[in-house]
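Heads up, the thing below is written out as structure tokens.
Please treat every number below as a calculation from the coordinates, not as lab data. This structure is a prediction, so every number in the text was calculated from the model and none was measured. Virtual Cβ from ideal backbone geometry, glycine too; neighbours counted across all protein chains shown.
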Amino acid sequence: MNSTFYDFLLFPAPGALPAEIPQPTGGFQGVLALLESSGPEEDAALGDFLEKVLAAAGIRLSTDVLLIRLTKGEPFSFSQLSRRHGIRQVLIFGIEPGLLGLHFQLPLYQPVQLGPTTFLLAHNLADIHQERQQGGKEKAGLLWKALQILFPKS
């Protein structure tokens, strides 16, 4: 709500979407990945990391996934995007679900189905990537197990 009294947004409009939403490609599989933008260089490294993680689960980032990088505090409406693109699986990396217009509990690394859509909340992708670079496997292992449930191999 914009007000002449306040010089800031009081609350995000329920239908708010980021200005630039990439269009899904021809092979789009209804998978949405949401992560916080960290700047051009880190975004590229995280994109490469996410591509490798998803490829191991049989998902191609370039064609199967709609990847949206949100800036901190940017208003976003999952319901509007879902209606527009037929989203079936949502991967949320380090973003509070309430900021996405999702007002239900999502435990970390446990897929939750609500209607036709399955949601997976994970730690911030930058944290998972950093842990892997330092030789750790805890968060990446949890993510891998959850992805195997979300995308079972036939």
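Can you give the FRET efficiency for residue 72 and residue 148, using 1/(1 + (r/R0)^6), R0 = 22 Å, r = Cβ-Cβ distance, to the nearest 0.05?
Values: r = 30 Å, r/R0 = 1.38.
The calculated FRET efficiency here is 0.15.
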What's the exposure ranking of 64, 43, going from fewest to most Cβ atoms within 10 Å? 43, 64
Candidate aspartates and glutamates - alpha carbon under 19 Å from residue 145, same-chain residues fewer than 8 apart omitted: 51, 127, 131
So, relative contact order of region 31-147 in percent, Cα under 8 Å, 6 or more apart, is 28 percent
